[in-house]
Amino acid sequence: MIESIIRKSLVYLGSSTPFQILNFLGGVLLARMLVPEHFGLIALALAAKEWASISIICATPQFFILGDGSESSFQRSYTLACIVAAILISLGLVFCLSQQHNFKSNFPEIIFIFFVCEGVVVVSSIMLAPLERDLELLKLSLIRNSSSIFGTVVAVTVAFYSQSIWALVAKEIAVALILLSFGLFYCNQKLKLNFSGMPKQVFPMIKYGWSLNFSRACEILFYRLPDVLVAKFLGVSLTGHFVQ
C-alpha cells in the first residue's frame, strides 16, 4: 500500500514537469505580447484574491479525503465549499461596487472576476476530491495541469487579437471553467447541499481547513508581498517588470 502511494505520488510530480515547461514558455510569450502594467495589475488582483481566500477558506478537500469517504461527508464538504464560494463572490462584488469610481483602470471589475473564479475553483476542488481519495493521482495531475495549459492557450489567443489586460483575465476564467467541467464530469458523488449535522461538523471542518491553510498563507505571503510592496512604492508599471 505504501509503495503504491509513493509510486503514484512520484508519477503525479513527474507528470507536471512537461506542463510547467509549456506554461513557462507561454508566460514568456505573453510577456512579449503585453505591456508590464498589465502584469502589475494582475499581480495585485491575484494577491487580493489569494489573501482573501486564505482568510476565509476553511473548505478543504483534505477533510473528505482523510475522512470516512461517505456520501454525507462529501456533501457537507461540498456545502461548506459553496458557502465559501458565495462569500468570496460577495466580497468581490462589494469591492467592485464600492471602488468602481476610485480607479481609472478596470481593476475593480478584475477583482470581482477573480473572486468569482476563486469561488468556482474552491467548489471544483471538492468535486475532484474523490479522485485523490482513490489515489487517481495521474488523472488528477493531468486535469490540473491541462487546465493551466488551456488557460495559457486562451490567454495567448486573446493577447494575439487584443494585446489587452483581458488576455490575463481570460486565463483565470478559462482555468476555473475547465476545472469545473472536469469536476462535474469525474465526480462520482451526488452533488447535493446537505445541512444536516452541519452545526456539529462545521467547526472541526473549519479548524482543520485553517490549520492546513497556515503553510499556504506563508507561501502566499512569500510570493505576493513583494508585488504589493513594489506597487506601493514604485508603481504598477514597475511591478509588472518585477513580475515578469
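Of the conditions (1) hydrophobic (A, V, I, L, M, F, W, C); (2) buried (at least 20 other Cβ atoms within 10 Å of the Cβ); (3) at positive phi, residue 135 satisfies every one except a single condition; which number is it?
Condition (2) is where residue 135 drops out.
Where residues in the range 95-115 are aliphatic (A, V, I, L, M) and surrounded by 13 or more Cβ atoms within 10 Å (Cβ to Cβ), which of them is farthest from residue 167 (Cα to Cα)?
Per the stated criteria, the residue is 111.
Which of the residues belonging to the range 106-155 are farther than 14 Å from residue 183 by Cβ, in contact (Cβ under 8 Å) with a residue 24 or more places away in the chain and in a loop (DSSP other than H, G, I, E, B)?
106, 135 - these are the residues of the range 106-155 that are farther than 14 Å from residue 183 by Cβ, in contact (Cβ under 8 Å) with a residue 24 or more places away in the chain and in a loop (DSSP other than H, G, I, E, B).
Taking the criterion of being modelled with pLDDT of 70 or more and more than 27 Å from residue 136 (Cβ to Cβ), would at least one residue in the range 170-182 satisfy it?
yes
When you look at residue 118, is it surrounded by 16 or more Cβ atoms within 10 Å (Cβ to Cβ), out of contact with any Pro (no Cβ under 9 Å at 6 or more places or on another chain) and charged (D, E, K, R), yes or no?
So residue 118 passes the test.
Among the candidates 124, 90, single out the residue that is surrounded by fewer than 17 Cβ atoms within 10 Å (Cβ to Cβ) and either modelled with pLDDT of 80 or more or within 15 Å of the chain's Cα centre (by Cα) (or both).
Exactly one of 124, 90 is surrounded by fewer than 17 Cβ atoms within 10 Å (Cβ to Cβ) and either modelled with pLDDT of 80 or more or within 15 Å of the chain's Cα centre (by Cα) (or both), namely 90.
The values are calculated or read from the model by the stated rules, or taken from the named source; none is laboratory data. Not measured: the values here are computed from a predicted model. Positions of Cβ are backbone-derived with ideal geometry, glycine not excepted, and every protein chain shown enters the neighbour counts.
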